[in-house]
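The structure appears right after this line, and notes come after that.
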Amino acid sequence: MDSIPKHQLQSISEKTIGHYNGRAEAFWEGTRDHDVTQNMEALIAALVETGSGRILDFGCGPGRDVAAFAQRGFDVTGLDGSAEFCHMARQFSGRDVLHQDFLSLDLPAGAFDGIFANASLFHVPGQELPRVLSQLHTALDVGGVLFSSNPRGQGQEGWNGERYGAYHSFSSWKALLETAGFSYVHHYYRPDGLPREQQPWLASVWRKV
């Protein structure tokens, strides 16, 4: 794929974020009851080894998982590019939520023990992923854990309606994460218990060592 010019990257972000801003309430109603316990437990199990609990919910949406982590005693901060989602997440969870575009992150070094990127990183254009993953690596403390779940694919990238997405296989995702400095922990496919062709989601756990 040809390199995307900077002004087009900005347009990609604005259009994708605009989609969520315009459909925030409908998105909340459609996802508030989704069960992502398996994904949360995957991150928490890896955090047990460090005994720490500062979590960044990267792409937190309206705050469902921010609230769930807080209820389990974690020091959790949300982050989303949608101003509407940030407002909703603050109201629903009572926690701090950062309003930041994924392509213009400003995160302190070593501030988190875990990053929960559930259905969010696939919105980052492939050419920008190495930089964004490096920024997330820097934001983690040593031994910190990154969880990611993305719709899987074979390298295709582009628009799905008004949302931009990049879809990676496990092998290409692994190469990206290892290049960014992460060590592989484990991966699985979702929904659990179905044949692989009915499991569109690739979930994986990585550690900063």
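The values are calculated or read from the model by the stated rules, or taken from the named source; none is laboratory data. Just so we're clear, the structure is a prediction, and the values are computed from it rather than from any experiment. Cβ coordinates were reconstructed from backbone atoms using ideal geometry, including for glycine residues, and neighbour counts include every protein chain displayed.
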Any pair with Cβ under 9 angstrom, 6 or more apart, that starts in region 184-209 at a residue that is farther than 30 Å from Ala109 by Cα and ends at one that is β-branched (Val, Ile, Thr): Arg190/Val36
Residue that is farther than 24 Å from His187 by Cα and assigned to a strand (DSSP E or B), where the choices are Leu103, Leu98, Leu107: Leu98
Pick from region 157-175, criterion surrounded by fewer than 16 Cβ atoms within 10 Å (Cβ to Cβ) and of a type in the set (A, V, I, L, M, F, W, C), ranking: farthest from Phe122 (Cα to Cα): Ala175
Any hit, region 125-134, residues being of a type outside the set (Lys, Arg), surrounded by fewer than 24 Cβ atoms within 10 Å (Cβ to Cβ), in contact (Cβ under 8 Å) with a residue 40 or more places away in the chain and not in a helix (DSSP H, G or I): yes
Among residues of region 2-35, those that are among the aliphatic types (A, V, I, L, M) and touching a strand residue (DSSP E or B) at 6+ places or on another chain (Cβ under 6 Å), counted: 1
So Tyr189, is it surrounded by fewer than 16 Cβ atoms within 10 Å (Cβ to Cβ), at pLDDT 95 or above and among the aromatic types (Phe, Trp, Tyr): no
Filter pass, Gly18 being closer than 19 Å to Phe122 by Cβ, touching a residue at least 24 places away in the same chain (Cβ under 8 Å) and touching a helix residue (DSSP H, G or I) at 6+ places or on another chain (Cβ under 6 Å): no
One residue from Asp57, Asp65 being out of contact with any His (no Cβ under 7 Å at 6 or more places or on another chain), part of a helix (DSSP H, G or I) and at pLDDT 95 or above: Asp65
Residue match in region 60-71 (condition: of a type in the set (S, T, N, Q) and over 22 Å from Asp113 (Cβ atoms)): no
